[in-house]
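Sending over a structure as structure tokens; questions will come in a sec.
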Number of protein chains: 2
Amino acid sequence: MSVLITNIGELVTNDPEADDLLGVRSDAALVIDDGRVAWVGAPADAPAADEVVDADGRAVLPGFVDSHSHLVFAGDRAEEFRARMAGERYAAGGIRTTVAATRAATDAELADGVGRLVAEMRRQGTTSVEIKSGYGLTVADEARSLAVAARFTDDTTFLGAHVVPPEYDGDPTGYVELVTGPMLAAAAPHARWIDVFCETGAFDEDQARAVLAAGAAVGLRGRLHANQLGPGPGVQLAAELGLTAVDHCTYLTDQDVHALRESGTVATLLPGVEFSTRQPYPDARGLLDAGVRVALASDCNPGSSYTSSIPFCIALAVREMGMTPAEAVHAATAGGAAALGRADVGALVQGRRADVVLLEAPSHLHLAYRPGVPLVRQVWVAGEPL
Amino acid sequence: MSVLITNIGELVTNDPEADDLLGVRSDAALVIDDGRVAWVGAPADAPAADEVVDADGRAVLPGFVDSHSHLVFAGDRAEEFRARMAGERYAAGGIRTTVAATRAATDAELADGVGRLVAEMRRQGTTSVEIKSGYGLTVADEARSLAVAARFTDDTTFLGAHVVPPEYDGDPTGYVELVTGPMLAAAAPHARWIDVFCETGAFDEDQARAVLAAGAAVGLRGRLHANQLGPGPGVQLAAELGLTAVDHCTYLTDQDVHALRESGTVATLLPGVEFSTRQPYPDARGLLDAGVRVALASDCNPGSSYTSSIPFCIALAVREMGMTPAEAVHAATAGGAAALGRADVGALVQGRRADVVLLEAPSHLHLAYRPGVPLVRQVWVAGEPL
């Protein structure tokens, strides 16, 4: 079944051979066939198709690639959010609240939760999503978290090294041994990536190296949470190891930026976190001006960023981080694809997966110009309409 | 046709007799009959109804009352937004671009635009909206703008004194004579309110007084745009005249705050503007702590705030203006009703119009906790489902 989308007012192709960042084509048409982009050109030249969608001057974009999320969890932390925004001390358990709720949930409950959030993301234009474990923190709970995530995406990430769980209080070394040993063995069959929260209060550089090395030994590719809450060694470690991406990058030194540029590691920025924790935003403008590749992602999780909305992240990137709307859209599509090492998504050129978003707007500019407004009109994932 | 909404996890009533600001009832039910709230109580006590909606633990709120919007216009200013965000000088016409496009549009085109935006607002939970003229700025164009607005709301506002149009360059006095004379005469049959943009570069205090007095003489109630871009006389003028509301309130002195508290004039805050113009936010916390009534509205317009999303404004109010989620929700419902002098909307107590929002969330907290996410699941306007 082929679909012709015609009378596209603005087609964002992200064609790397175009002169402009987004590879914009005005007055364009696109054909989806067999789940792929089969043809792009002018409406008058379009081949016949089984179905015709008249975009009537609206914009069409590649689906968003959300390269950082934590969707496998139970419960919520709305009250903790309320207290944080009010500046109140909040004695409750933070991430441990979510760990306890996740362990207590059935597989079906976890899968229902992931399914709801993935559906919510898709309605907002996200057509690829990475999903991490990290709220199980036992061998069995990390393995089942990843098995659940794998029902929804191929980009599953083992994040046993998220925090040291309560039963290992005072024994982080013992916990890292668990993570790199039996937990990794149980998780690896369900995971493509391995990740570590490398930050003061979580895991230090040596522990991060140990976890990433153990993952690499069983074929998992590494990524890192780093430099979120303060300066630290994580970003330079990511660059040294040539990781595909390093995420957060809120507190960077000039040396960190230099290392990212040299390594080509994608800096994944997660402004939903800074919005929801009232922290300063990362310096996207500085990274872009230095020649670093940037991705935008949601970090969707119940503690620090419970948004699933990439359009919202784009609006924040423009308002708060000095990105142009074009840079923000590119970072949320081609950037996310680069952060996941994916060559099949993130662009609308012939042969790519037909992950297509039709906006209720004439231009990609409207995603930042009309903040908070649900502007996604129609979505195709691998050529299938939602 | 009556509707019973049952198993409501959290019902925000805004009952003024409740102990808490939002009048929250847990595990509640609500009956809609003949367009009104007919009954509120416990699910076990609920009377029979023609239709039953199981909220399954979700939250129910009064519909949002958006007391400040400029929906009657043609064209957009996306490129101006892009340039502003990039810090570029932008020589194009700003508001005059919209005036020219609006004058050139047919009535049907204007009505289509308003209809699209009102529908977009309703899907996001806004069940009452005030709509201003102000992009016509001729006798005929202001009158037809209001006639179009009146098809969609009773809260129409004549804003001939928005800016001095090009044909009156250098003759603001002449323009005020037009506004208070033939333009007012043509506009008044279609308007409930009269408004002035009282700000350096727009209309000064004497001009604002003249316009409001002329409007009052023909039965229009006054409101003001004031203290948006800098300190000014507008807020104290609004208080002196006992206006229902004064809008923006970004730059306030202690005397301004004192005057608002004494007069009971509602301060309507419009954080979408500050988001989209990268200006500092108004001090909602200070106003609330001083005992001033606060409303939140979108200011939806193509220049300075093209959001139609009250949930987005609530999230900004919490992140940027120090409001609690409860205060923000109250300001966007009961506050908006107060800003429009409306006793029939803004609360879910017996006898009020059945403007009801069912969230895809268990609590009003989620509107700020999950920024950017479309959380409105179902909406009834005067008892009719969307």
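The values are calculated or read from the model by the stated rules, or taken from the named source; none is laboratory data. Note that the coordinates shown come from a computational prediction; the quantities given were computed from them, not determined experimentally. When we count neighbours, we look across all protein chains shown, and the Cβ atoms used for this are built from the backbone with ideal geometry, even at glycine. Heavy atoms of the whole protein, side chains included, go into the accessibility calculation; ligands, DNA and RNA do not. Shrake-Rupley method; radii C 1.70, N 1.55, O 1.52, S 1.80 Å.
Restricting to region B:357-385, and then to whatever is part of a loop (DSSP other than H, G, I, E, B) and away from every other protein chain (no Cβ under 14 Å), can you tell me which residue is surrounded by the fewest Cβ atoms within 10 Å (Cβ to Cβ)?
Just the residues of region B:357-385 that are part of a loop (DSSP other than H, G, I, E, B), to begin with: B:360-365, B:370-375, B:382-383.
If we keep only those that are away from every other protein chain (no Cβ under 14 Å) as well, we get B:382-383.
Values: B:Ala382: 17, B:Gly383: 19.
Restricting to residues being part of a loop (DSSP other than H, G, I, E, B) and away from every other protein chain (no Cβ under 14 Å), the top hit is B:Ala382.
Okay, next question. Residue check: is A:Arg319 in a helix (DSSP H, G or I), within 14 Å of another protein chain (Cβ to nearest Cβ) and open to solvent by 10 Å² or more (accessible area, probe 1.4 Å)? Can you show your working first?
Values: in a helix (DSSP H, G or I): yes; within 14 Å of another protein chain (Cβ to nearest Cβ): yes; open to solvent by 10 Å² or more (accessible area, probe 1.4 Å): yes.
For A:Arg319, the condition - in a helix (DSSP H, G or I), within 14 Å of another protein chain (Cβ to nearest Cβ) and open to solvent by 10 Å² or more (accessible area, probe 1.4 Å) - is met.
Condition first: touching a helix residue (DSSP H, G or I) at 6+ places or on another chain (Cβ under 7 Å) and open to solvent by 10 Å² or more (accessible area, probe 1.4 Å). Now tell me which residues in region B:325-356 satisfy that.
Matches in region B:325-356: B:Glu327 only.
Of the conditions (1) in contact (Cβ under 8 Å) with a residue 12 or more places away in the chain; (2) surrounded by fewer than 24 Cβ atoms within 10 Å (Cβ to Cβ); (3) within 14 Å of chain B (Cβ to nearest Cβ), A:Asp289 clears all except one; give me its number.
The failed condition is (1).
Okay, moving on. Would region A:146-158 turn up any residue that is touching a Phe, Trp or Tyr at 6+ places or on another chain (Cβ under 8 Å), buried (at least 22 other Cβ atoms within 10 Å of the Cβ) and in a helix (DSSP H, G or I)?
Taking region A:146-158 and keeping what is touching a Phe, Trp or Tyr at 6+ places or on another chain (Cβ under 8 Å), we get A:146, A:155-158.
Subset that is buried (at least 22 other Cβ atoms within 10 Å of the Cβ): A:146, A:155-158.
This time we only want the ones that are in a helix (DSSP H, G or I), so: A:146.
Scanning region A:146-158, I find at least one residue that is touching a Phe, Trp or Tyr at 6+ places or on another chain (Cβ under 8 Å), buried (at least 22 other Cβ atoms within 10 Å of the Cβ) and in a helix (DSSP H, G or I), so the answer is yes.
Next question, about the same structure. If the requirement is being modelled with pLDDT of 95 or more, over 19 Å from B:Ile194 (Cα atoms) and crowded, with 24+ Cβ neighbours inside 10 Å, which of these qualifies: B:Leu252, B:Leu224?
B:Leu252
Quick grid of which residues meet (1) closer than 16 Å to A:Lys132 by Cα; (2) out of contact with any Phe, Trp or Tyr (no Cβ under 6 Å at 6 or more places or on another chain):
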{"site": "A:Gly160", "(1), (2)": "yes, yes"}
{"site": "A:Asp171", "(1), (2)": "no, yes"}
{"site": "A:Gly174", "(1), (2)": "no, no"}
{"site": "A:Val179", "(1), (2)": "yes, yes"}
{"site": "A:Met183", "(1), (2)": "yes, yes"}
{"site": "A:Ala188", "(1), (2)": "yes, yes"}
{"site": "A:Ala191", "(1), (2)": "yes, no"}
{"site": "A:Asp195", "(1), (2)": "yes, yes"}
{"site": "A:Thr200", "(1), (2)": "no, yes"}
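If I filter region B:297-316 down to residues being facing chain A (nearest Cβ under 8 Å) and among the hydrophobic types (A, V, I, L, M, F, W, C), which single residue comes out as surrounded by the fewest Cβ atoms within 10 Å (Cβ to Cβ)?
First pass over region B:297-316, keeping only residues facing chain A (nearest Cβ under 8 Å): B:306-309, B:311-313, B:315.
Applying the additional criterion that residues be among the hydrophobic types (A, V, I, L, M, F, W, C) yields B:312-313, B:315.
Working: B:Phe312: 25, B:Cys313: 31, B:Ala315: 27.
Ranking the candidates gives B:Phe312 first.
Then there is this: Taking strands (runs of 3 or more DSSP E) that fall entirely within region B:16-115, which contain at least 2 residues that are open to solvent by 70 Å² or more (accessible area, probe 1.4 Å) and touching a residue at least 24 places away in the same chain (Cβ under 8 Å)? Quick ask: steps written out before the conclusion?
Details: elements: B:24-33, B:36-41, B:51-54, B:59-62, B:64-66.
The strands (runs of 3 or more DSSP E) meeting that bar are B:51-54.
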